[in-house]
Amino acid sequence: MIMAGIRDRFSVCNLNLNQKGSALIITLLIVTILVALTVEFAYDVYIDTSALSNWSNAQKASLIAKSGQTLSARYLTEIKNYSYTNIRAIELPVEKDFGPGAELMIRIEEENSKFNINSIIYPNGITNEEALSSLKKLFKHLNINPDLPLIIADWIDPDNEPRLADSEDTVKNNFLWCVDELKSIGSVDKEIFNAISPFITVHGNGQVNINTAELPVLVSLSPDMTEDLAKRIIDYRESTPFENKSHIVRVSGLEAIGIKILSRITVKGSSFKVVSLAKTNEIKRIIESVMDTSMKIKFWREG
Ligand SMILES: [Ca+2]
């Protein structure tokens, strides 16, 4: 193996004259380009040293934000060892000192605590009526325009048959890539977006974690789920986190409903949003990602 390696390296070096000539021209070209870039770069440095300082801070902030993502990924792999999860959102403590003027903040949110809005349409384009009813119930609980779930369904589904007048005008006809895309829908103003976005996701397997979901999401799980029953789930898990989803029937009043919703619930998060915010001397860099417990990245956005 070692001899073969040496032979390969030797044959690479043993170029004929034409190849040597080509290599020389390429080298000269690269040197010329580098010189031009250096001159231009040096000129910029002289004319704007504050811009260089900002650039340097921005690079540093970007690297710190990325290290925040790596740290979070390591934390999330630990979750594989647990049978259930019951933390909806956590600010990870960062002990590392990144130097003067530099800091890092990390927030992790469990996406399974939210309603997956893409689930209202099956991958084959057919409407998932059960999920659409859940979305209607969620929005009703939040006092949102009752037509909005239908408008969103038309926005996502691949056909052009409007459920309401104009609801197929300028639509995406595809699944949402991120929750922010909802802002592109005319009926979703800032107030509505702020009201619904804490409870909505576009990631994950669509199963809601009954250990972490907030009241509006729990209410959406079944037409029979009242606010009182959803509160009972929250009270129950505060003293006894659900270690198995079948334990939902142990909550008083959920003996029958619990069985009906078993396929839609879980007790363990599998998809997480990680926001790492790095600051270096007032220059900010934010990286938002969504990853699962096997460190697979489903979404990545830098700003
Ligand atoms: Ca459509």
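The values are calculated or read from the model by the stated rules, or taken from the named source; none is laboratory data. Keep in mind that this is a model prediction, so the values were computed, not measured. Here the Cβ positions follow ideal geometry from the backbone for every residue, glycine too, while neighbour counts run over all protein chains shown.
Just the residues that are among the hydroxyl-bearing types (Ser, Thr, Tyr) and exposed (fewer than 13 other Cβ atoms within 10 Å of the Cβ), please, taken from the range 164-196. Step through it out loud before you land on a result.
If we filter the range 164-196 for residues that are among the hydroxyl-bearing types (Ser, Thr, Tyr), which is where we start, we get 167, 170, 184, 187.
Of everything in the range 164-196, those that are among the hydroxyl-bearing types (Ser, Thr, Tyr) and exposed (fewer than 13 other Cβ atoms within 10 Å of the Cβ) turn out to be 170, 184.
Table: residues versus (1) modelled with pLDDT of 95 or more; (2) farther than 30 Å from residue 245 by Cβ.
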{"position": "148", "(1), (2)": "yes, no"}
{"position": "157", "(1), (2)": "yes, no"}
{"position": "161", "(1), (2)": "yes, yes"}
{"position": "177", "(1), (2)": "no, no"}
{"position": "188", "(1), (2)": "yes, yes"}
{"position": "195", "(1), (2)": "yes, no"}
{"position": "198", "(1), (2)": "yes, no"}
{"position": "201", "(1), (2)": "yes, no"}
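Conditions (1) touching a strand residue (DSSP E or B) at 6+ places or on another chain (Cβ under 9 Å); (2) free of Cβ contacts under 8 Å to residues at least 60 places away in the same chain; (3) outside the structural domain of residue 222 (by TED's automatic domain parsing); (4) more than 14 Å from the ligand (Cβ to nearest atom), marked per residue:
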site	(1), (2), (3), (4)
117	yes, no, no, yes
120	yes, yes, no, no
129	no, yes, no, yes
132	yes, yes, no, no
139	no, yes, no, yes
161	no, yes, no, no
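Filter the range 231-260 down to the residues that are surrounded by 13 or more Cβ atoms within 10 Å (Cβ to Cβ), outside any helix (DSSP H, G or I) and among the small types (Gly, Ala, Ser) and list them by number.
The one that is surrounded by 13 or more Cβ atoms within 10 Å (Cβ to Cβ), outside any helix (DSSP H, G or I) and among the small types (Gly, Ala, Ser): 253.
Those residues that are more than 9 Å from the ligand (Cβ to nearest atom) and under 24 Å from the mean Cα position of the chain (by Cα), I need them from the range 145-159; list them, please. Before you say what the answer is, go through the steps one by one.
Applying the first criterion (more than 9 Å from the ligand (Cβ to nearest atom)) to the range 145-159 yields 145-152.
Matches in the range 145-159: 148, 149, 151, 152.
Could you check residue 109 against (1) of a type in the set (D, E, K, R); (2) surrounded by fewer than 19 Cβ atoms within 10 Å (Cβ to Cβ); (3) more than 13 Å from the ligand (Cβ to nearest atom) and say which number it fails?
Among (1) of a type in the set (D, E, K, R); (2) surrounded by fewer than 19 Cβ atoms within 10 Å (Cβ to Cβ); (3) more than 13 Å from the ligand (Cβ to nearest atom), the lone unmet condition for residue 109 is (2).
When you check residue 277 against the structure, is it of a type outside the set (D, E, K, R), more than 16 Å from residue 207 (Cα to Cα), under 25 Å from the mean Cα position of the chain (by Cα) and not in a loop (DSSP other than H, G, I, E, B), yes or no? Give the steps one after another, and end with the answer.
Numbers: of a type outside the set (D, E, K, R): yes; more than 16 Å from residue 207 (Cα to Cα): yes; under 25 Å from the mean Cα position of the chain (by Cα): yes; not in a loop (DSSP other than H, G, I, E, B): yes.
Criteria met by residue 277.
Would you check if there is a residue in the range 165-172 being touching a strand residue (DSSP E or B) at 6+ places or on another chain (Cβ under 9 Å) and charged (D, E, K, R)? Break it down into steps so the answer makes sense when it comes.
Our first condition is that a residue be touching a strand residue (DSSP E or B) at 6+ places or on another chain (Cβ under 9 Å); within the range 165-172, this holds for none.
The answer is no; no qualifying residue exists.
Would you tally the residues in the range 47-89 being among the charged types (D, E, K, R), touching a residue at least 24 places away in the same chain (Cβ under 8 Å) and outside any helix (DSSP H, G or I)? It would help to see each step written out before you state the result.
The initial filter retains those residues of the range 47-89 that are among the charged types (D, E, K, R), namely 48, 60, 66, 74, 78, 80, 88.
Then drop every residue that is not touching a residue at least 24 places away in the same chain (Cβ under 8 Å), which leaves 60, 66, 80, 88.
Adding the requirement that they be outside any helix (DSSP H, G or I) leaves 88.
Count: 1.
What are the pairs, 6+ residues apart or on separate chains, where a residue within the range 142-159 that is within 20 Å of residue 191 (Cα to Cα) has its Cβ under 6 Å from a residue that is small (Gly, Ala, Ser) and within 10 Å of the ligand (Cβ to nearest atom)?
Every condition considered, the pairs that remain are 151/167.
Taking residue 268 as the residue in question, decide whether it is in contact with a strand residue (DSSP E or B) (Cβ under 7 Å, 6 or more places away or on another chain), in contact (Cβ under 8 Å) with a residue 12 or more places away in the chain, assigned to a loop (DSSP other than H, G, I, E, B) and within 28 Å of residue 76 (Cα to Cα).
On the way: in contact with a strand residue (DSSP E or B) (Cβ under 7 Å, 6 or more places away or on another chain): yes; in contact (Cβ under 8 Å) with a residue 12 or more places away in the chain: yes; assigned to a loop (DSSP other than H, G, I, E, B): yes; within 28 Å of residue 76 (Cα to Cα): yes.
Taking the combined requirement at face value, the residue satisfies it.
Given the conditions (1) touching a residue at least 60 places away in the same chain (Cβ under 8 Å); (2) polar (S, T, N, Q); (3) within 16 Å of the ligand (Cβ to nearest atom), and given that residue 201 satisfies all but one, which numbered condition is not satisfied?
That leaves (3) as the condition not met.
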